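What follows is one structure encoded as structure tokens, with my remarks underneath.
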Amino acid sequence: MTKYLWERPDWAHFRWRDESIIRALGECRLRQGKLLSEVTGLGLILENQAQVDILAEETLMTAAIEGENLDIKEIRSSVARKLGLPSAGLSVNRNIDGLVSVLLDATRYHDVPLTEERLFGWHASLFPTGYSGMHRIRVGEWRGTEPMQVVSGPVGRETIHFEAPPADRLAAEIGHFIAWWNESRSSMEGLIRAAIAHFRFVTIHPFEDGNGRIARALTDMALSQDDRQSIRYYSLSSQIMAERDAYYNMIERCQKGDGDITQWLDWFLGCFGRAIQRSEGLLKTVLDKAAFWKIHSQDPLSERQRKVINRMLDAGKGGFEGGLTTRKYVSIADVSRATAFREMEHLVALGILGQNPGRGRSVSYDLDWPSSSILIRSSMLQQDVIKRIAVV
């Protein structure tokens, strides 16, 4: 009796029940169309900012799913440099640069053929030192002959969730995968194809480490091929991270199934829809920021004041926890307390800051946000607005 799906003959000939996923698929397409209509015509400045924000979150979360905690400032700096945008000039961890490079390569060059060499290149980018943590691994080549198992629990009492196909099958399995990848692009519904590509690759598990990250890059590549967008305006990895337990449970359940992946497809489509819904909040922050600077673009502000304001804008409405205090201003702007107090008073006089409820030592301020981002929606396509935002 077979234990894992890959042990079955023709295991990758998956089945699913159309009637069980058709509604979820329709909702995904509706959300996808709405999102693309929202971002159409953002303009170059807003488009770049949205891309940096979303790709930075994608990088952060795709690493976090694997238990790797990266620095968001370093990620943003790496993303900006890769996009040819001004960056903060931070020195960047090579692992961060490598992951950003893989995610950008998968989406920017989604029409470039998928080959073994390209997969090896992605893997080498993820592990530039040849190590995963403290352990040396095979980089840019398939894993060795040792059994590849997904386990959890303390040493001696591990639970084996999955064991991947043996090493002597990897070349053939990847060959079949790439052939399917090429053939299915013109014959399969795009979102279903992305879901299957993800599930199939993590089941093959061809590398010693980094399989999940490469599977998510392949998913992004399939989605870019589907909507013909080289820029992702949502982060599927962020949503998977938020639902990580359900993700692993669903993968494991279908890897031990009989080839019916209806449950995986249904979960993936739901996750995809929630990822788009999540991105709407991020894009709203971008539009709110543009609306704010449309109103205040002519105000006499120092670079320090702009830096503090942008920090608050990036946090979004209600996202700058505890409000802006003199102490926080000193820390962000790197000025004396007296200078901070004077510059904050200036911002209050301009109507940029408003005092939050509370007095004495608890006094704090928040931005006087525009009443609605609709202010920018009707005019953000105009060149004069874009030029004003560009100076921020």
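On C-alpha positions alone, give me the angle between the axis of helix 244-255 and the longest principal axis of the chain, in degrees, nearest 10. It is inclined by approximately 20 degrees. Distances between every pair of Cα atoms in the range 244-285, grouped in 10 Å steps from 0 to the bin holding the largest one, split as 27, 40, 22, 10, 1 percent. Taken one residue at a time, the phi angles of the range 215-231 give Karplus couplings (6.51, -1.76, 1.60, θ = phi - 60°) of 4, 6, 5, 4, 4, 4, 5, 5, 5, 5, 5, 6, 9, 6, 10, 7, 10 Hz. Gly and Pro are set to x. With neighbours defined as other Cβ atoms within 10 Å of a residue's Cβ, the residues Arg8, Arg193 order from fewest to most as Arg8, Arg193. Ranking of Asp258, Asp71 by neighbouring Cβ atoms within 10 Å, starting from the fewest: Asp258, Asp71.
At 222 nm, what value in deg cm²/dmol follows for the chain if DSSP H runs of at least 4 each add -39500 (n - 2.57) and the sum is divided by all its residues, to the nearest 500?
Working: 16 runs with 227 residues, N = 392.
It comes out at -18500 deg cm²/dmol, rounded to the nearest 500.
Give the shape of the range 110-256 as rounded, prolate or oblate, defined through the alpha-carbon gyration tensor: a ≥ b ≥ c are the square roots of its eigenvalues, a/c under 1.5 means rounded, and otherwise the shape is prolate if a/b is larger than b/c and oblate if not. Prolate is the answer for the range 110-256, as a/c is 1.5 or above and a/b outweighs b/c.
Can you tell me how the range 5-283 classifies by the Cα gyration tensor, rounded, prolate or oblate, using a/c under 1.5 as the rounded cut? Oblate, since a/c reaches 1.5 and b/c is not below a/b. The value for the range 207-313 of Rg(Cα) / (2.2 N^0.38 Å) is 1.51.
The angle between the Cα long axis of helix 116-126 and the longest principal axis of the Cα atoms of the chain comes to about 50 degrees, rounded to the nearest 10.
Shown in residue order for the range 8-24 are the 3J(HN,Hα) couplings computed by the Karplus curve 6.51 cos²θ - 1.76 cosθ + 1.60 at θ = phi - 60°: 7, x, 6, 4, 7, 8, 6, 10, 7, 9, 4, 5, 8, 10, 4, 5, 4 Hz (x for Gly and Pro). Could you compute the FRET efficiency for Leu30 and Arg337, with r as their C-beta to C-beta distance and R0 at 51 Å, rounded to 0.05? Efficiency, from the Cβ-Cβ distance: 0.45.
For Leu353, the amide hydrogen comes within under 5 Å of the amide hydrogens of Val348, Asp368, counting only partners 5 or more places away or on other chains and with H modelled in the peptide plane.
Sequence-ordered 3J(HN,Hα) estimates for the range 340-355 from the Karplus curve with 6.51, -1.76 and 1.60 and θ = phi - 60° stand at 4, 4, 5, 6, 5, 4, 5, 5, 5, 5, 7, x, 7, 10, x, 6 Hz, glycine and proline given as x.
Just to confirm the number: angle between the C-alpha axis of helix 190-204 and the first principal axis of the chain, 0 to 90 degrees, nearest 10? Relative to the chain, helix 190-204 is tipped by roughly 60 degrees.
Restricting attention to the chain, lysine pairs at least eight places apart or on different chains and with alpha-carbon atoms under 14 angstrom apart total 7.
Within a 10 angstrom radius of the beta carbon, how do Glu158, Glu343 rank from fewest other beta carbons to most? Provide the component values of the computation, followed by the final result.
Values: Glu158 11, Glu343 19.
Going from least to most buried by this count: Glu158, Glu343.
Annotation: amide H of Ser132 within the under-5 Å range of Ile137, sequence separation 5 or more or interchain, hydrogens built in the peptide plane.
The peptide list 288-297, 15-24, put in order of mean Cβ contacts within 10 Å with the highest first, becomes 288-297, 15-24.
Bear in mind these aren't lab numbers, they're just calculated from the coordinates by the rules spelled out. As the structure is a computational prediction, the values presented were derived from the model and not from experiment. Neighbour counts run over all protein chains shown; Cβ positions are idealised from the backbone, glycine included.
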